[in-house]
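Enquirer: For reference, the structure I am asking about is given below.
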Amino acid sequence: MENRKNNRSLRVALVLGAAVAGTALVGWGGLAAWNAYTMNAGNSVAAGTLSHAQTASCLSSLGTVPTSGSGVAGGWCTAAIAISGVSSSWTGTTGTITVANTGNLVSTFTMSMPAAPSGSLCADLTLKVSDPSTTAPDGGIPYAATALSSTMGAKNLYNNAGTPSLTWTGGGTAGTGAGATGNTFTLTIGVSGTYATDSTDAGQSCSFNLLFSQSA
């Protein structure tokens, strides 16, 4: 009889102990704990736009060098200089190219002639590229008069800001090559000293491509 009482007392003690332990857990961080929270929602990343234009109909091609399609979006731009029927008395001509950073990214620009000019007349012609700036650090002449006989390496281009910069602001307008978002470049085709007397130039031609590259 005494043993049964002792066993019953032990079971009661165990039950009471478990209950007290459960209450302690609830009171110290269990289901009844008080909590407060904050959450930063909607975190995101978006890329800016990278584009430039020479005219409203000559837009840049993203990621690839244009290979055809004169005058269409993403294709070749219309030639700045296209002249025919010149004679021995011809002394040269000029053409202009406007470039505007129409994207929203601050960008840098270069000009190059990645492929050598073609045609035997090229040997007696020169190309000069200038911009209207007379303010340092832009010297206003990306390319001095050079014989059209080989490729031309990439030249960094300044914008037309009051203080010219190699970093062009975004938000320019196609066809407007001025200010911090753009610039206007003049191409001058000249003749060499032998052009006027080189009879083999008659009936010949010269053609070349200029590449404008934008990076951001």
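What follows draws every value from the coordinates through simple rules; no lab data is involved. Source: prediction; values computed, not measured. Every residue, glycine among them, receives a Cβ derived from its backbone with ideal geometry; neighbour counts consider all protein chains shown.
Enquirer: Could you please rank L50, L62, L166, placing first whichever residue has the fewest other Cβ atoms within 10 Å of its Cβ? Present the calculation step by step, with values, prior to reporting the outcome.
Expert: On the way: L50 18, L62 11, L166 14.
Ranking L50, L62, L166 by Cβ neighbours within 10 Å, fewest first, gives L62, L166, L50.
Enquirer: If I take R0 = 30 Å and measure r between the Cβ atoms of S120 and A178 in this structure, what FRET efficiency does the formula 1/(1 + (r/R0)^6) give, to the nearest 0.05?
Expert: Numbers: r = 38 Å, r/R0 = 1.26.
Between S120 and A178 the formula returns 0.20.
Enquirer: Please give, to one decimal in nm, the separation of the simple spin-label points placed at T110 and F212, each 7 Å out from Cα toward the Cβ.
Expert: Using points 7 Å along Cα→Cβ, the separation is 1.7 nm.
Enquirer: Right, something else. Cα gyration tensor of the stretch 52-215, axes a ≥ b ≥ c as square roots of the eigenvalues: rounded (a/c below 1.5), prolate (a/b > b/c) or oblate?
Expert: Here the stretch 52-215 falls in the prolate category.
Enquirer: Compute the signed sum of charges (Lys and Arg +1, Asp and Glu -1) over the other residues within less than 11 Å, Cβ to Cβ, of T194. Mind showing how you got there, number by number?
Expert: Numbers: positive: none; negative: D124, D198, D201.
That works out to -3.
Enquirer: I need the shape label for the stretch 29-146. Rule: rounded when a/c is under 1.5, else prolate if a/b > b/c, else oblate, with a, b, c from the alpha carbon gyration tensor. Display every interim value, and only then the final one.
Expert: Details: a/c = 4.36, a/b = 2.96, b/c = 1.47.
It comes out prolate by the Cα gyration axes.
Enquirer: Let me ask something additional. Given the Cα-Cα distance of T163 and A47 and 0.36 nm per residue of separation, how much length would full extension add, in nm? List each step's numbers first, then the result.
Expert: On the way: separation 116, 0.36 × 116 = 41.76 nm, distance 2.83 nm.
Extra length from T163 to A47 when fully extended: 38.9 nm.
Enquirer: Now for a separate question. Based on the Cβ-Cβ distance from S149 to S57, what FRET efficiency comes out when R0 is 35 Å, to the nearest 0.05?
Expert: Values: r = 32 Å, r/R0 = 0.91.
The formula returns an efficiency of 0.65 here.
Enquirer: Considering amide H positions built from the backbone, and no H for Pro or chain starts, which residues 5 or more places from A178, or on another chain, come under 5 Å of its amide H?
Expert: For A178, whose amide H was placed from the backbone, the distant partners under 5 Å are N183.
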